[in-house]
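Colleague: Input: one structure, supplied below.
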Amino acid sequence: MTRNAKPFDLIPLFAALADPTRLKLLNLMDGREVCVCYFVEILNQSQPKISRHLAYLRKAGIVNARREGKWMHYSIERPEDAGAASILEATLMSLKAERTMQADLAKLGRACCEPQRFVTLQGAPVPTRLETSTQ
């Protein structure tokens with residue numbers, strides 16, 4: 001941390017990680033950029049509810065948003081703070097072992113392969129794998 005850098009606030013991070021829907025969103029974003037419409041389809045939640053949870057994750061400093069035309073794409077942003085980054089990484093690793101999280105990833109895989117099967121995904125961009133950078 002540089003001399004003038006503000007320390008990472010862990011309270012919003014832990015609060016963000018304390019909600020099942022937000023954990024599901026993080027699981028689906030791990031290693032990829034996902035359009036909000038996929039979250040709505042996979043999690044069977046309303047778009048306003050998904051957007052509210054994504055805003056919470058953005059405010060906690062662990063999710064990025066990018067607009068492309070009418071589509072909003074979301075991805076995980078690793079905190080620069082080593083402690084916060086390790087908490088996020090440990091959480092993401094734990095999610096990989098959860099059956100419900102694995103089922104959500106399987107649904108995402110099916111939706112990406114056959115978006116025409118889902119009315120809400122008509123014309124939506126397919127989630128893309130992100131390049132992993134060593135930090």
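Colleague: Need the list of lysines near K6 for cross-linking: C-alpha distance under 26 angstrom, and skip anything on the same chain fewer than eight residues off.
Modeller: K59
Colleague: With every protein chain kept in the model, how would you rank M93, M101 by accessible area, 1.4 Å probe, largest at the top?
Modeller: Details: M93 120, M101 15 Å².
Sorted by accessible area, descending: M93, M101.
Colleague: Counting other C-beta atoms within 10 Å, and keeping those with at most 14, which DSSP coil trypsin sites (Lys or Arg not before Pro) do you find in segment 1-82?
Modeller: Answer by residue number: R3, K70.
Colleague: Could you list which residues have their amide H under 5 Å from that of D9, counting only those 5 or more apart in sequence or on another chain, with H placed in the peptide plane?
Modeller: For D9, whose amide H was placed from the backbone, there are no distant partners under 5 Å.
Colleague: Could you give me the ³J(HN,Hα) list for segment 15-25, computed from phi with Karplus coefficients 6.51, -1.76, 1.60 and θ = phi - 60°, whole Hz, x at Gly and Pro?
Modeller: Values, residue by residue: 5, 5, 7, 8, 10, x, 5, 5, 5, 5, 5 Hz.
Colleague: Now for a separate question. If you stretched the chain out fully between A97 and N44, how much longer would it get, using 0.36 nm times the residue separation minus the C-alpha to C-alpha distance?
Modeller: Details: separation 53, 0.36 × 53 = 19.08 nm, distance 2.16 nm.
16.9 nm is the gain from fully extending A97 to N44.
Colleague: Would you calculate the separation in nanometres between label points at E80 and R67, each defined as 7 Å from the Cα along the Cα-to-beta-carbon direction?
Modeller: Going by the 7 Å Cα→Cβ label model, 2.6 nm.
Colleague: Keeping every protein chain in place, order L10, L28 by accessible area at 1.4 Å, biggest value first, i.e. largest first.
Modeller: Details: L10 70, L28 0 Å².
Sorted by accessible area, descending: L10, L28.
The values are calculated or read from the model by the stated rules, or taken from the named source; none is laboratory data. The structure presented is a predicted model; accordingly, all values stated were derived computationally and were not measured. FYI the Cβ positions are ideal-geometry reconstructions off the backbone, even for glycines, and counts take in every protein chain you see. Side chains included, ligands, DNA and RNA excluded: accessible areas come from the protein's heavy atoms. Shrake-Rupley method; radii C 1.70, N 1.55, O 1.52, S 1.80 Å.
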